[in-house]
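Student: After the structure tokens below, expect a handful of questions from me.
The values are calculated or read from the model by the stated rules, or taken from the named source; none is laboratory data. The shown structure was predicted, so the numbers you read here are calculated from the model rather than taken from an experiment. Note that we place each Cβ from the backbone using ideal geometry, even for glycine, and neighbour counts take in every protein chain shown. Only protein heavy atoms, including side chains, enter the accessible area calculation; ligands, DNA and RNA are left aside. Shrake-Rupley method; radii C 1.70, N 1.55, O 1.52, S 1.80 Å.
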Amino acid sequence: MEIVIVENKAEAATIAADIVEAYAREGKTLGLATGSTPVGTYQELIRRHREAGLSFADCQAFLLDEYVGLPREHEQTYYQTIRREFTAHIDIEDAKVHSPDGTAEHPGEAARAYDASIKRAGGVDVQILGIGSDGHIGFNEPTSSLVSRTRIKTLHPDTVRDNARFFDGDESKVPHHVMTQGIGTIREARHLLLLAFGENKAEAVAAMVEGPVSAMCPASVLQMHEHVTVIVDQAAAAGLEHTQYYAYALENKPGWQRF
Ligand code: PGA
């Protein structure tokens with residue numbers, strides 16, 4: 001894992017956008033995440049599109065997850081969120097922005113079909129990830145199978161509480177079920193780019209990077225992946241022990257390409 005500890009979110013957004021830009025230039029498949037964490041990266045990519053002509057026209061994109069039971073027009077569906085925060089502002093064709101169908105009559109089948117559609121598209125080249133304060137990636141809560149596929153999950157009450165801020169602070173409005181790429185699905189992306197900010201992520205980041213690989217911290221599965229970049233601010237890095245080594249390893253990285 002490459003562990004990059006940055007001064008602030010702006011620096012994280014620049015580095016993450018550099019990484020995503022390299023894939024976009026080659027028309028690769030992007031794995032997108034919602035949540036507050038990647039917003040700065042998306043804004044930087046939109047800026048590069050507008051001001052520097054960065055094109056996403058040859059890309060397609062797959063979202064990690066979706067609430068089950070919210071109508072597609074609802075402003076808090078991830079279908080709407082990713083459009084509002086990113087893809088409506090760049091030149092990717094809307095039909096190439098794929099997400100799990102949380103309105104499907106047969107959600108189990110829809111989940112399997114979504115998983116298969118990622119494979120059919122040749123897989124995800126770079127997957128942007130946030131991390132939950134409980135160590136979840138996508139909506140794979142603690143105790144999720146580390147080889148799980150796209151499926152329906154029940155949200156942990158802590159996650160419902162975390163997400164209530166998007167639903168007028170009212171937990172009763174937050175759907176309790178979601179359709180999420182499984183950990184096994186996420187692991188198949190060729191490059192995982194995880195960002196985390198703030199002190200409430202510090203424990204999860206430490207468990208992910210320096211703890212044992214465990215279903216109790218789903219993000220710890222990143223230790224089993226060949227190409228991972230973790231970008232964290234000082235607050236989210238506060239629980240890490242080997243920070244000096246991570247900085248040293250980055251500075252002394254061989255070759256011209258940093259990531
Ligand atoms: P956040 O959510 O980016 O809003 O902190 C991350 C997550 O729950 O995966």
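Student: Output the qualifying pairs, or none if there are none: Cβ atoms under 7 angstrom, residues six or more apart or on different chains, first residue in region 238-259 and at negative phi, second residue open to solvent by 50 Å² or more (accessible area, probe 1.4 Å) and at pLDDT 85 or above.
Tutor: Going by the 7 Å Cβ cut-off, the qualifying pairs are Ala238/Glu199; Gly239/Glu203; Leu240/Glu210; Glu241/Glu210; His242/Glu210; Thr243/Ile5; Tyr246/Ile5; Ala247/Ile5.
Student: Of a type outside the set (Ser, Thr, Tyr) and under 21 Å from Gly184 (Cα atoms): is that true of Gly211 in this structure?
Tutor: Yes, satisfied.
Student: Across region 180-214, which residue is farthest from the ligand (Cβ to nearest atom) among those that are within 23 Å of Ala22 (Cα to Cα) and β-branched (Val, Ile, Thr)?
Tutor: Thr185
Student: Taking region 1-48 only, how many residues are touching a residue at least 60 places away in the same chain (Cβ under 8 Å), open to solvent by less than 20 Å² (accessible area, probe 1.4 Å) and of a type in the set (Gly, Ala, Ser)?
Tutor: Counting residues in region 1-48 that are touching a residue at least 60 places away in the same chain (Cβ under 8 Å), open to solvent by less than 20 Å² (accessible area, probe 1.4 Å) and of a type in the set (Gly, Ala, Ser) gives 4.
Student: Within region 240-257, is even one residue touching a Cys at 6+ places or on another chain (Cβ under 8 Å), of a type outside the set (Asp, Glu) and open to solvent by 30 Å² or more (accessible area, probe 1.4 Å)?
Tutor: Taking region 240-257 first, the residues touching a Cys at 6+ places or on another chain (Cβ under 8 Å) are none.
Checked region 240-257: no residue is touching a Cys at 6+ places or on another chain (Cβ under 8 Å), of a type outside the set (Asp, Glu) and open to solvent by 30 Å² or more (accessible area, probe 1.4 Å).
Student: Hey, does region 133-150 have a residue that's in contact (Cβ under 8 Å) with a residue 12 or more places away in the chain, among the hydrophobic types (A, V, I, L, M, F, W, C), in contact with a Leu (Cβ under 6 Å, 6 or more places away or on another chain) and closer than 23 Å to Ala61 by Cα? Outline the logic, then answer.
Tutor: Quick first cut of region 133-150, residues in contact (Cβ under 8 Å) with a residue 12 or more places away in the chain only: 133-150.
Cutting the leftovers down to among the hydrophobic types (A, V, I, L, M, F, W, C) gives us 137, 139, 146-147.
Next, only the ones that are in contact with a Leu (Cβ under 6 Å, 6 or more places away or on another chain) stay: 137.
With the extra rule that they be closer than 23 Å to Ala61 by Cα, the set shrinks to 137.
Taking every residue of region 133-150 in turn, at least one turns out to be in contact (Cβ under 8 Å) with a residue 12 or more places away in the chain, among the hydrophobic types (A, V, I, L, M, F, W, C), in contact with a Leu (Cβ under 6 Å, 6 or more places away or on another chain) and closer than 23 Å to Ala61 by Cα.
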